[in-house]
Structure formats: structure tokens, C-alpha cells
1. I need the full set of residues from segment 46-61 which are loosely packed, with under 10 Cβ neighbours inside 10 Å and either over 22 Å from ASN7 (Cα atoms) or modelled with pLDDT of 75 or more (or both), in order please.
2. Just need a number here: residues in segment 24-44 that are exposed (fewer than 10 other Cβ atoms within 10 Å of the Cβ) and assigned to a helix (DSSP H, G or I).
3. Starting from segment 15-32, keep only residues that are under 22 Å from ILE47 (Cβ atoms), then list their pairs with residues that are of a type in the set (Val, Ile, Thr) and surrounded by 10 or more Cβ atoms within 10 Å (Cβ to Cβ) whose Cβ atoms are within a distance under 6 Å, requiring at least 6 positions of separation or different chains.
4. Out of (1) at pLDDT 80 or above; (2) within 14 Å of the chain's Cα centre (by Cα), what's the single condition that is false for ALA33?
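The values are calculated or read from the model by the stated rules, or taken from the named source; none is laboratory data. Since the structure is predicted, the reported quantities are computational estimates derived from the model, not experimental observations. Methodologically, a virtual Cβ is constructed for each residue, glycine included, from the backbone with ideal geometry; neighbour enumeration extends over all protein chains shown.
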Amino acid sequence: MPANSSNAAEAVLIDLSFALAEIALSDLKTEHAIRAAARIRSAMTEIRLLAPAQPYEPEPDEIAAA
């Protein structure tokens, strides 16, 4: 599996995990759950900002031409 596909799949799993945690906490409606959900949203934003950009991988025809 190419590195880009692996990175993309990992990013989707991280987003899904955070989203499921947010959904579970949103049903509780307690102050503790609301604070936890805010921390989850903050962590999601930080992970997205710190995530490395997808590395460039040349197409097979570009490799052949080189």
C-alpha cells in the first residue's frame, strides 16, 4: 500500500475516533462531558495542524521519464 494511502486511512480513523467520542459525550450534557468534548475538538484541531503534509510521490510515468 502506498504511503499516501496509509496516511489517509490513518487520518480517517483518527477523525472517526474523535467524532465518535464527541457524539458519546454530547449525549451526556454534563459540565464534565462538555469540557471533555471541547478538549477533544481542540486536540483534533492540533493534530490536523501538526500533521505532516502528504509527501509527494511521482506517478509511474514520471519515474519512467526520469
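1. First, the residues of segment 46-61 that are loosely packed, with under 10 Cβ neighbours inside 10 Å: 49-50, 52-53, 55-56, 59-61.
Matches in segment 46-61: LEU49, LEU50, PRO60, ASP61.
2. The number of residues fulfilling the criteria is 2.
3. Filtered contacts from segment 15-32: PHE18/ILE40; ALA21/ILE40; GLU22/ILE40.
4. ALA33 satisfies all of (1) at pLDDT 80 or above; (2) within 14 Å of the chain's Cα centre (by Cα) except (2).
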